[in-house]
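K.L.:
After the structure tokens below, expect a handful of questions from me.
The values are calculated or read from the model by the stated rules, or taken from the named source; none is laboratory data. Not measured: the values here are computed from a predicted model. Please note: Cβ atoms are built from the backbone with ideal geometry, for glycine as well, and neighbour counts cover all protein chains shown. To get the accessible areas, we keep the full protein, side chains included, count just its heavy atoms, and leave off ligands, DNA and RNA. Shrake-Rupley method; radii C 1.70, N 1.55, O 1.52, S 1.80 Å.
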Amino acid sequence: MLLRSLLRGQFFFLLVSLLLSARVVGAEDNLATLLRGLGADSPSEIERAVAAIGARNELAALPALEALRDRRLRVDANGALFIVAADTVYDAVNNAPATVDVAQLRTPVVSNVVRRTLAAVLGQLQLQSPDAALRLAAAEELHKRPRAEALAPMQAALQKETDARVRAALEVALVQMQLSSSEAQTRLEAIASIRSSSNLGLKPQLEALTAKREDGTFAEPDPAVRQAAVDTLASFARIQLLISAVGNLFYGLSLGSILLLAALGLAITFGLMGIINMAHGEMLMLGAYATYVMQRLFQAYVPAAFDWYLLASIPAAFGVCAVMGMILERSVLRFLYGRPLETLLATWGISLILIQSVRLLFGAQNVEVANPSWLSGGAEVLYGVVLPYSRLAIIVFVALVVAFVWLLLQRTSLGLHVRAVTQNRPMASCLGIATAKVDMWTFGLGSGLAGLGGVALSQIGNVGPELGQAYIIDSFMVVVLGGVGNLAGAVVGGMGLGLVNKFLEPVAGAVLGKIGVLIFIVLFIQRRPQGLFALKGRMAEG
């Protein structure tokens, strides 16, 4: 009995093994048979073979399909398929090298119908590729050419997908396919999926469901589906409001940082000397051109360290502009103290000379300053809200510069002298402070800070001779609003103007928004001429 049972068990095991082997061999045969269909004489047979291969969703068929698309697939007289790659020929079924005369082989005919089906099937198979760029292209291809047979492979690919961009593209393609289903329940599930994913890129598909045809009937016949689309669109409107607020807040802070950097030096020099320096904008321009020169030097002499040119530009721009400021103060401005009209005209003339000098040296056209690789790109925090690394770096840079200026003014003897001269010049002079030297150093500091602003501006736009003209008025607005000669006032004024501008622009437009801000400042200084933060001191208070 025991021997008979063992023999029965062995027989059963042998039978199962044979059946499984036959199934595997049969599967291989089926794929091989389908692949041979790619070499058929008729384009319609080739199209059927491509569709059948797509239904199997086997990655092993990808090389043959790609060869068919690229017209590298060849057929011999017996119907065997070969792939031509450079100087080598491979068997299309088992990928083994083959020795055949390519001139004796035939190229299958690929009609437009075959090409469309082939593109969709290739996209479906390429979803299994380890290359994210290839998967993204495949998802976009499936979005353009949806196939009902690709639904299951796409859902499986979405479950495994880890790349955010590929996931978003797959979701769009899947929803597009589900929304075109004849089953109302499938369309409702697709809308629920859209709402849960909060993918605003699918908004056009929802709007299409609520639209009407020319005859007045709804494009979507089912009322429940239409209502679900309307509810999801309302949900998207609330999300868009939040996204818009986050985007305006970030770009307002970014603009405020740039205005602050442009106005910081002006606030110090205006507060100390009381002169209206119309050439302050040109110090921004000189700082930006110093960055451009540093970029060219790194490109020419140390290209391997090109990414670090920006860090080298910071002391270079500060030094160039500080020296230029001190030369101007010593050669022109010190003779005009107490005569504001002459000072305004003189600095305006200096600004024109600087602009023309830069035109002669670098040309009238804008020059391009490239971002280093570590400042390229951005971080997407919400759908449609990308925070560029360059603007994030500017915000951090401005915070560091403000901290540097505060320490300089509050913790150094130069800062003490500057504050003393700003508050009461005659008393400071009586106490032995060399006010003339303080004026020179302060004007150099203010000009150097403007040069740092030029470094920042070079990273978010082109550099040209008129760069500073676009910021001089805004800089004076920041100084007047915040309070002359006050660091805290400059910070609040710069950030406040940047945020107000960005929140007004979507409502009133850029020009009307700026006019509104200007009217507000005019009315404000009528009520509070000293600005938000008034200086304290006998001269200031007197």
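K.L.:
Go through (1) closer than 30 Å to Ile327 by Cβ; (2) modelled with pLDDT under 80; (3) polar (S, T, N, Q) for Asn277 and report which single condition fails.
P.N.:
Of everything listed in (1) closer than 30 Å to Ile327 by Cβ; (2) modelled with pLDDT under 80; (3) polar (S, T, N, Q), Asn277 misses just condition (2).
Residue-by-condition table, conditions (1) crowded, with 18+ Cβ neighbours inside 10 Å; (2) of a type in the set (A, V, I, L, M, F, W, C); (3) under 35 Å from the mean Cα position of the chain (by Cα); (4) over 30 Å from Asn199 (Cβ atoms):
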| position | (1), (2), (3), (4) |
| --- | --- |
| Cys321 | yes, yes, yes, yes |
| Met326 | yes, yes, no, yes |
| Arg339 | no, no, no, yes |
| Thr347 | yes, no, no, yes |
| Leu354 | yes, yes, yes, yes |
| Asn366 | no, no, yes, yes |
| Asn371 | no, no, yes, no |
| Leu387 | yes, yes, yes, no |
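K.L.:
Would you tally the residues in region 146-203 being assigned to a helix (DSSP H, G or I) and touching a helix residue (DSSP H, G or I) at 6+ places or on another chain (Cβ under 8 Å)? Break it down stepwise before answering.
P.N.:
Of all residues in region 146-203, those assigned to a helix (DSSP H, G or I) come to 148-160, 164-179, 184-197, 200-203.
Still in the running and touching a helix residue (DSSP H, G or I) at 6+ places or on another chain (Cβ under 8 Å): 148-151, 153-155, 157-158, 165-179, 184, 186-195, 197, 200-203.
Matching residues across region 146-203 total 40.
K.L.:
Just to check your reading of the model, which residue among Leu259, Leu202 is modelled with pLDDT under 85 and open to solvent by less than 60 Å² (accessible area, probe 1.4 Å)?
P.N.:
Only one candidate passes the filter, namely Leu202.
K.L.:
Here's another thing I want to ask about it. For region 368-412, how many residues meet the condition of being part of a loop (DSSP other than H, G, I, E, B) and within 23 Å of Ala288 (Cβ to Cβ)?
P.N.:
The number of residues fulfilling the criteria is 7.
K.L.:
Mind checking which residues of region 86-110 are surrounded by 12 or more Cβ atoms within 10 Å (Cβ to Cβ) and part of a strand (DSSP E or B)?
P.N.:
Scanning region 86-110 gives Val89, Tyr90, Asp91, Arg106.
K.L.:
Turning to a different aspect of this structure: Can you pull out the residues in region 140-164 that are open to solvent by less than 30 Å² (accessible area, probe 1.4 Å), of a type in the set (A, V, I, L, M) and closer than 26 Å to Pro43 by Cα?
P.N.:
Matches in region 140-164: Leu142, Ala150.
K.L.:
Evaluate region 300-318: report whether one residue or more is assigned to a helix (DSSP H, G or I), open to solvent by 30 Å² or more (accessible area, probe 1.4 Å) and closer than 16 Å to Phe443 by Cβ.
P.N.:
Within region 300-318 (the criterion being assigned to a helix (DSSP H, G or I), open to solvent by 30 Å² or more (accessible area, probe 1.4 Å) and closer than 16 Å to Phe443 by Cβ), the answer is yes, since at least one residue qualifies.
K.L.:
Could you check region 42-57 and list, in sequence order, the residues that are open to solvent by 50 Å² or more (accessible area, probe 1.4 Å) and touching a residue at least 60 places away in the same chain (Cβ under 8 Å)?
P.N.:
Residues of region 42-57 open to solvent by 50 Å² or more (accessible area, probe 1.4 Å): 44-45, 48, 55-56.
Ser44, Ala55, listed by residue number.
K.L.:
Another question about this same structure. Among the residues of region 262-277, which ones are within 22 Å of Ala403 (Cα to Cα) and either open to solvent by 40 Å² or more (accessible area, probe 1.4 Å) or of a type outside the set (Ser, Thr, Tyr) (or both)?
P.N.:
Scanning region 262-277 gives Ala262, Ala263, Leu264, Gly265, Leu266, Ala267, Ile268, Phe270, Gly271, Leu272.
K.L.:
Mind counting the residues in region 16-35 that are open to solvent by 80 Å² or more (accessible area, probe 1.4 Å), among the hydrophobic types (A, V, I, L, M, F, W, C) and either farther than 21 Å from Ala96 by Cβ or at pLDDT 80 or above (or both)?
P.N.:
3
K.L.:
May I ask you to verify whether Leu38 is within 16 Å of Leu122 (Cα to Cα) and at pLDDT 85 or above?
P.N.:
Considered against the rule, which asks whether it is within 16 Å of Leu122 (Cα to Cα) and at pLDDT 85 or above, Leu38 comes out as yes.
K.L.:
Let me ask something additional. Take the residues in region 217-229 that are surrounded by 14 or more Cβ atoms within 10 Å (Cβ to Cβ) and among the hydrophobic types (A, V, I, L, M, F, W, C), then tell me which one is farthest from the chain's Cα centre (by Cα).
P.N.:
Phe218
K.L.:
Further, regarding this structure: Quick check on my filter: what residues within region 437-462 are under 23 Å from Tyr309 (Cα atoms), part of a helix (DSSP H, G or I) and of a type in the set (A, V, I, L, M)? Before the answer, list the steps.
P.N.:
Filtering region 437-462 down to residues under 23 Å from Tyr309 (Cα atoms) leaves 445, 447-462.
From what is left, the residues that are part of a helix (DSSP H, G or I) are 445, 447-457.
Scanning region 437-462 gives Leu445, Leu449, Ala450, Leu452, Val455, Ala456, Leu457.
K.L.:
Separate question: Could you tell me which of the residues Leu467, Leu481 is more than 28 Å from Arg425 (Cβ to Cβ), crowded, with 17+ Cβ neighbours inside 10 Å and either among the acidic types (Asp, Glu) or modelled with pLDDT of 80 or more (or both)?
P.N.:
From the options Leu467, Leu481, the qualifying one is Leu467.
K.L.:
Right, something else. List the pairs whose first member sits in region 90-110 and is free of Cβ contacts under 8 Å to residues at least 60 places away in the same chain and on the phi > 0 side of the Ramachandran plot, whose second member is outside any loop (DSSP other than H, G, I, E, B) and hydrophobic (A, V, I, L, M, F, W, C), and whose Cβ atoms are under 9 Å apart, counting only residues at least 6 apart or on separate chains?
P.N.:
Filtered contacts from region 90-110: Asn95/Ala60; Asn95/Ile83.
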